[in-house]
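Read the figures in this text as sums done on the coordinates, not as results from a lab. Since we're looking at a predicted model, the values are computed, not measured. Here the Cβ positions follow ideal geometry from the backbone for every residue, glycine too, while neighbour counts run over all protein chains shown.
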Amino acid sequence: MDLVAACRAFVSVSEHGSFTVGAAAARTAQSVVSRRVAALEQRLGERLLDRSSRAVTLTPFGRDMLPTAKQLVRLADRFEHEAEAARRRPLRLAVPALCPTGALARLIAQAHEQHVLLDPFPAGPAERADLVTSRQVRAALLAVAPTEATWMVPLGLAVAHAPGGGPIYLDTLRPGRADRDQRPRRVWLQPEDDVPHVRDRLARLRDAVGLLPAQLAVAPAVAAAADVLSQGDALLCSAAQARELRFHWRPVGELGPGFARGFSLAVADEADVDAVRVRRACADGISRCLGATERSEAAA
């Protein structure tokens, strides 16, 4: 016997004083309501309703049991409501601020196909790590070294004017004697690349080829792009971002094609079925958001 359904039928009939009206209010066939009430009476070993008169009335036992039956029905309704709310709870995913709007929209749609309501939350690399550690988000795309990455985004230098067909070497930015009265050309890192496995490698190269410390700096993409246009600087970025900015992109000559951003998806709780489902089923959508052109074996 379905105890909740039986109590629901008993409450509805008792409130309306009629099996016919009570069944209609419960949107259930009268015969079904009658069977459920009868089964409940048999289960409890006592009659709940007096059917001897034209109107259905509560027996003394029924009056005693009605408050508890109502409470059980209310708890069941609340349980179902909270279960539905839990199913619809958005999965907040911390993502790099550089993710394009269109790619994020496609990722959300792909997650919908997995019955997951995805809520992307743009944040910087350090903040994303803090958010998932503190469980303020359910998952985060973390910036990691390429050797630990699921997704990799090759990095190069973007400039305003076509530099020729080959890579751009950092030593070509070394200021000469004729440049003493001019600000040296800079290489701009975006906040997303202000992480040790990117920043430190460039800093070592800067020092090795004789650039000034100030020639390697960090700024938001818009401010850095403005200096690329007005000062002849270079922006460290992906090829996709360079195309979006209508810049010319080349690999960093001294570092080669292995110089890249690395990303992995961390979940706050491995028992979070939705987060694990997104990691497994939406890898391609995440790759598009990151602008990744290469996937490590870990993503296969």
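Annotations
- Applying a DSSP loop filter and a limit of 13 other Cβ atoms within 10 Å to the chymotrypsin sites (Phe, Trp or Tyr not before Pro) in segment 247-290 leaves nothing.
- In a DSSP loop and with at most 11 other Cβ atoms within 10 Å, the trypsin sites (Lys or Arg not before Pro) in segment 210-276 are Arg246.
- Couplings for segment 90-96, taken from phi via the Karplus curve 6.51 cos²θ - 1.76 cosθ + 1.60 with θ = phi - 60°, read x, 8, 6, 10, 6, 10, x Hz in order; Gly and Pro are left as x.
- Shape category assigned to segment 116-212 from the gyration tensor of Cα positions, a/c cut at 1.5: prolate
- Segment 156-251 shape via C-alpha gyration tensor axes, a/c threshold 1.5: rounded
- Cysteines in the chain that, by Cβ-Cβ distance, have no pairing candidate under 4.7 Å: Cys7, Cys237, Cys282
- Principal-axis analysis of the Cα atoms of the chain puts helix 30-44 at an angle of about 80° to the longest axis.
- Span from the segment 186-248 Cα centroid across to the segment 25-54 one, whole angstrom: 77
- Under the Karplus curve 6.51 cos²θ - 1.76 cosθ + 1.60, θ = phi - 60°, whole-Hz ³J(HN,Hα) for segment 5-16, x wherever Gly or Pro sits: 4, 5, 5, 5, 5, 4, 5, 5, 5, 5, 6, 9
- For Leu91, the amide hydrogen comes within under 5 Å of the amide hydrogens of Leu117, Leu118, Asp119, counting only partners 5 or more places away or on other chains and with H modelled in the peptide plane.
- Taking every DSSP bridge with both residues inside the chain, close to 60 percent are antiparallel.
- Seen from Ala103, the other residues with C-beta closer than 11 Å to its C-beta sum to a net charge of +1, counting Lys and Arg as +1 and Asp and Glu as -1.
- Radius 14 Å from Cβ of Asp269, net charge of other residues (Lys, Arg +1; Asp, Glu -1): +3
- The phi torsions of segment 131-143, fed into the Karplus equation with coefficients 6.51, -1.76 and 1.60 and a -60° offset, translate into couplings of 5, 6, 5, 7, 6, 7, 10, 8, 7, 8, 8, 8, 7 Hz, rounded to whole numbers, with Gly and Pro shown as x.
- Stokes-Einstein translational diffusion, the chain - Kirkwood Rh over all Cα pairs, 0.692 mPa s, 37 °C, in µm²/s: 137
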